[in-house]
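Only one structure is covered here, and it is reproduced in the block below.
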Amino acid sequence: METLRQKAELKSRKRVAKKTEIAESALIALSQLGYARAGLRDIAALSGVSLGVIHYYFEDKNELVSYAIQLYKQQFVADLDAALVDGGDRDQVIGAIVRSLETTIETKSETHRLWYDFREQAMFEEAFQKDVREIEEALVDLLSRHLKLDPEKGSDPLQFYIAVDGVFRFYTHRKLMRDTNWQPAFRRAMRNILECGFTAG
């Protein structure tokens with residue numbers, strides 16, 4: 001019985017590993033095309049995975065996109081968490097957040113664009129709503145763990161997430177529009193948002 005259980009666990013791990021591999025490849029294609037323009041055939045062609053293999057592991061495009069977005073945002077949260085793990089005083093924490101977000105806009109702006117595309121689609125696709133809610137809750141929780149509110153400001157982590165996300169989205173768009181001066185403007189705007197209400201955690 002133990003051997004059967006071990007075999008089942010091994011099979012399950014291999015399946016998860018393969019789904020992850022497919023989703024990571026699909027993420028590149030989806031980042032280039034966007035949700036609406038990418039069909040499964042397009043994703044298969046750009047990611048180098050056969051359409052049959054995609055259908056074997058994912059029921060449809062929505063399931064594949066959801067899986068890929070979850071992987072991307074989990075890594076995004078983990079990277080930001082790691083950048084803040086050493087803590088420090090208020091200015092050090094704010095500086096670490098600004099640098100981490102600037103770097104990820106510089107290197108992964110197309111993937112972030114896909115996240116915003118996915119989030120917009122959640123207003124029409126009920127299947128995406130749970131994923132979006134869980135991802136945003138994880139981001140609010142991250143801010144709550146590394147920063148604490150100045151109680152005199154009367155704000156809360158959700159309000160600050162909305163403000164931070166607004167700046168992040170705006171300058172992601174600027175980067176994608178090939179604005180060569182987005183970085184100093186982003187640093188100022190993001191630092192101003194963070195300095196408005198947070199002290200070091």
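Please work out if ILE43 is of a type in the set (A, V, I, L, M), part of a helix (DSSP H, G or I) and under 30 Å from ARG188 (Cβ atoms).
Details: of a type in the set (A, V, I, L, M): yes; part of a helix (DSSP H, G or I): yes; under 30 Å from ARG188 (Cβ atoms): no.
It is false that ILE43 is of a type in the set (A, V, I, L, M), part of a helix (DSSP H, G or I) and under 30 Å from ARG188 (Cβ atoms).
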| note | Pairs returned, first residue in the range 89-113 that is in contact (Cβ under 8 Å) with a residue 24 or more places away in the chain, second residue that is among the acidic types (Asp, Glu), beta-carbon separation under 8 angstrom, 6 or more apart or interchain, are ILE94/GLU195; THR104/ASP79
| message | Considering only the range 107-124, I want to know if a residue exists there that is of a type outside the set (A, V, I, L, M, F, W, C) and in a loop (DSSP other than H, G, I, E, B). | response | no
| query | Condition test on GLU21, is it acidic (Asp, Glu), surrounded by 11 or more Cβ atoms within 10 Å (Cβ to Cβ), in a helix (DSSP H, G or I) and free of Cβ contacts under 8 Å to residues at least 24 places away in the same chain? | reply | yes
| query | Does at least one position in the range 141-154 carry a residue that is at pLDDT 85 or above and in a helix (DSSP H, G or I)? | reply | yes
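Restricting the search to the range 24-46, which residues are among the polar types (S, T, N, Q) and surrounded by fewer than 17 Cβ atoms within 10 Å (Cβ to Cβ)?
Applying the first criterion (among the polar types (S, T, N, Q)) to the range 24-46 yields 25, 31-32.
Result: GLN32, single match.
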| request: Might you check whether a residue that is outside any loop (DSSP other than H, G, I, E, B), in contact with a helix residue (DSSP H, G or I) (Cβ under 6 Å, 6 or more places away or on another chain), buried (at least 19 other Cβ atoms within 10 Å of the Cβ) and free of Cβ contacts under 8 Å to residues at least 40 places away in the same chain occurs anywhere in the range 57-79? | output: no
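The values are calculated or read from the model by the stated rules, or taken from the named source; none is laboratory data. If you're wondering where the values come from, they're calculated on a predicted model, not measured in any experiment. Positions of Cβ are generated from backbone atoms using ideal geometry, with glycine treated the same way; all protein chains shown enter the neighbour counts.
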